[in-house]
Amino acid sequence: MFGANSIGRGPGRRTRDAIIPPVNYCSRCGREVGRKIPPGDNRERFVCGHCGAIHYQNPRIVTGCLPLWEGRVLLCRRAIEPRRGLWTLPAGFLEVGETVEAGALRETWEEARARVELLGLYTLFSVPHISQVHMFFRGSLVDGEFAVGDESLDVCLFDEHAVPWDELAFPVVGKTLQHYFTDRAGAGRFPVHTEDIVVERR
Ligand SMILES: [Zn+2]
């Protein structure tokens, strides 16, 4: 989840709102690219001065799961940076050609060695300062079994009172857990929650 490739290599170029990962060379012809506004467009793109290829950049999608079993939630302690050693929900970048549901199932298997039946989309976050969209599905463990996956140091089921709130890796994880416990204690319905994660850059 949120690996080192999340916003590209190098310092990137800052706009008022976000970091734009740099493109240095054309992936079609290998020459250097520059920034310009293509005809008919309204914002700068990386454009190859040799072959004319326009290298569009668009937000990336992170898909994941809130795995549930007998009233408890399954969390993974991260074995990789960033936020190594902190707890997270299984999630990661959507792969090319993959549905968001399949991505959530795959990440849950890779990080927690758990099989889940998805119960529907639950939280959806825009994270514009890093040009990402994060989504979590509620999921029920199929057989209650799980184990430590390659990207995890530990995987555990937590009761609400035992959730390590001060050791969660990402705001979207805490917000998803808070929504879940609040909804469960209330009407017992789990509508989709949408939210923006806004971080002001200085
Ligand atoms: Zn080119």
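What follows draws every value from the coordinates through simple rules; no lab data is involved. Treat the numbers as computed from the prediction; the structure is a model and nothing was measured. Virtual Cβ from ideal backbone geometry, glycine too; neighbours counted across all protein chains shown.
Quote the relative contact order of the range 60-196 in percent (integer), defining contacts as alpha-carbon pairs under 8 Å separated by 6+ residues.
31
Points 7 angstrom from Cα along the Cβ direction at Ile54 and Phe158: gap in nanometres?
Going by the 7 Å Cα→Cβ label model, 4.5 nm.
Helix 171-185 versus the longest principal axis of the chain: what angle, 0 to 90°, nearest 10, using Cα atoms?
40
Please compute the modelled spin-label separation between Asp166 and Val142, points set 7 Å along Cα→Cβ, answer in nm with one decimal.
Output for this residue pair reads 3.9 nm.
Can you grab the distance from the C-alpha centre of the range 132-202 to the C-alpha centre of the range 102-128, Å, no decimals?
10
For the residue pair Thr182 and Asn42, what label-to-label distance in nm results when each label sits 7 Å from Cα along the Cα-to-beta-carbon direction?
3.4
The range 15-108: which GluC sites (Glu not before Pro) are DSSP loop and have at most 15 other beta-carbon atoms within 10 angstrom?
Counting only loop positions with at most 15 other Cβ atoms within 10 Å, the GluC sites (Glu not before Pro) in the range 15-108 are Glu44, Glu70, Glu95, Glu98.
Write out the cysteines belonging to the chain for which the nearest other cysteine Cβ is not under 4.7 Å, or none if no such cysteine exists.
Result for the chain is Cys65, Cys76, Cys156, no neighbouring Cys Cβ within the cutoff.
Helix-only mean residue ellipticity at 222 nm, the chain, DSSP H runs n ≥ 4 weighted -39,500 (n - 2.57), per residue, nearest 500. What is it?
The helix-only estimate for the chain comes to -4500 deg cm²/dmol at 222 nm.
Which trypsin sites (Lys or Arg not before Pro) in the range 127-197 pass both tests, a DSSP loop state and at most 11 other beta-carbon atoms within 10 Å?
Those that pass, being in a loop and sparsely packed, are Arg189.
Remind me, relative contact order of the range 121-165 in percent, using alpha carbon pairs under 8 angstrom and six or more residues apart?
Across the range 121-165, relative contact order equals 24 percent.
Where in the range 18-104 are there chymotrypsin sites (Phe, Trp or Tyr not before Pro) that are in a DSSP coil and have at most 14 other Cβ atoms within 10 angstrom of their Cβ?
In loop regions of the range 18-104 (DSSP not H, G, I, E or B), the sparsely surrounded chymotrypsin sites (Phe, Trp or Tyr not before Pro) are Tyr56.
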